[in-house]
1. For segment 207-273, with all protein chains present and a 1.4 Å probe, just round the carbon and sulfur fraction of the accessible area to a whole percent.
2. Obtain the nm distance between the two label points defined at Gln66 and Glu52 by a simple spin-label model: each point lies 7 Å from its Cα along the Cα-to-C-beta direction.
3. If we count every other residue with Cβ under 12 angstrom of Glu64's Cβ, Lys/Arg +1 and Asp/Glu -1, where does the sum land?
4. For segment 201-220 and segment 254-278, what is the separation of their C-alpha centers, rounded to whole Å?
5. How much accessible area per residue does the chain have, counting only protein heavy atoms and a probe of 1.4 Å, in square angstrom?
6. Highest first, please rank the peptides 179-185, 196-202 by the mean number of other Cβ atoms sitting within 10 Å of their residues.
7. Order His136, His100, His129, most accessible first, counting only protein heavy atoms with a 1.4 angstrom probe.
8. Per-residue HN-Hα couplings for segment 271-280, Karplus 6.51 cos²θ - 1.76 cosθ + 1.60 at θ = phi - 60°, whole Hz, x for Gly and Pro?
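The values are calculated or read from the model by the stated rules, or taken from the named source; none is laboratory data. Treat the numbers as computed from the prediction; the structure is a model and nothing was measured. Neighbour counts are summed over all protein chains in view; Cβ atoms, including those assigned to glycine, are modelled from backbone coordinates with ideal geometry. Please note that ligands, DNA and RNA were not included when accessible areas were found on the heavy atoms of the full protein model with its side chains. Shrake-Rupley method; radii C 1.70, N 1.55, O 1.52, S 1.80 Å.
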Amino acid sequence: MMTCLRNSSLLYLSLVIGVSCQSKQQATEAVSSIDSALQTNATAILGSKLSEINAQSGQVIVMEVQTGQIKALVGLTRKDSTNYQPCENFSVWQSTGLMHPISLLAALETGKVKLSDKVDTGNGIYQVHGRELKDHNWHRGGYGELTVQEGLAVGSNIATYKTMEKAFGDNPQTFFDLLANMSYGKPDSINGIVSLQPYKITEKNITWNCIGYEQLISPIQVLTFYNAIANNGKMIQPQLYKDSVVVVNPQIASRASIDSLKKALVFNITDGLGQPAKSDKTTVAGKQGTIIVSTDNGNTVYAVEFCGYFPTDNPKYSIIVSINKTGLPASGGLMAGDAFRQIVDTMNL
């Protein structure tokens, strides 16, 4: 969970003036990238959503695709049963439900997989090395046969794993090598964000890593990867100040693989479980996700997330919404996706 500022006004002040982790001389020279109106709107939307779904905490980060400039950086955590307060910890380190497209991109890079390939998800329960891998609709009989693109759109864990099995079955290490080559989990630090922790694999197991488990990553690092997808493969360093653009990786994957994944992320919004993020104002692409992040004292905490970008033909902004809540219902699309849509609808495009 997020560590909170005792004086909540300090967080906003540090973002606008740029005093965090800088000397006074540096602060006078730095110009914040934060859009104050967007910051206010995103804070209100996130706060309303957290209250509506009785969540513990949440983050919204809005980034400019071409420059990496952060236009809104919102963190809220529960103060009491009805109120939320600003939180300065943007290095929340946990599993992510937004891993499926990243795994698919790695699979596409092998040339062994394409979006139209068929994959049989059966009844929604699949035995892998003595453990059960389940889809969210297993109790309704599963999805049966799907294309790879359809599997992504319904968030099928089994479809993702079987796709990975086809691409990397004979050499799982290739998957982890590709993730490293694609700079997944970068950056390790961002000027103005305290204690951003490096991405970490807690156990190297492709079955669970490919759907977001057994790894620790922060929302801003996930956003950085999705922003690179929006940017046709160029990964840009996120920044809170209007400095020069810093390229982390000039091309995370081939343009053909990037284009295929972008097509799948659009399909997810038009025909998949990402439809709650669909905006009447502009075209969006992205992915929803729901994942268990802890089971402390019998209470299951879920991360419900959505990450996407817009407009799809010439992306200008990318946004991540990441919310932690205890218990069911938990839906990345219906909860985080809806907050994403509301934020998009407030923006001037």
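1. The C+S portion of the solvent-accessible surface of segment 207-273 is 54 percent.
2. 3.3 nm
3. Around Glu64, the charge tally is +2.
4. Each part's Cα centre sits 22 Å from the other's.
5. With all protein chains present, the chain gives 41 Å² per residue.
6. 179-185, 196-202
7. His129, His136, His100
8. Going residue by residue, I get 10, x, 6, x, 4, x, 8, 5, 10, 7 Hz, with x marking Gly and Pro.
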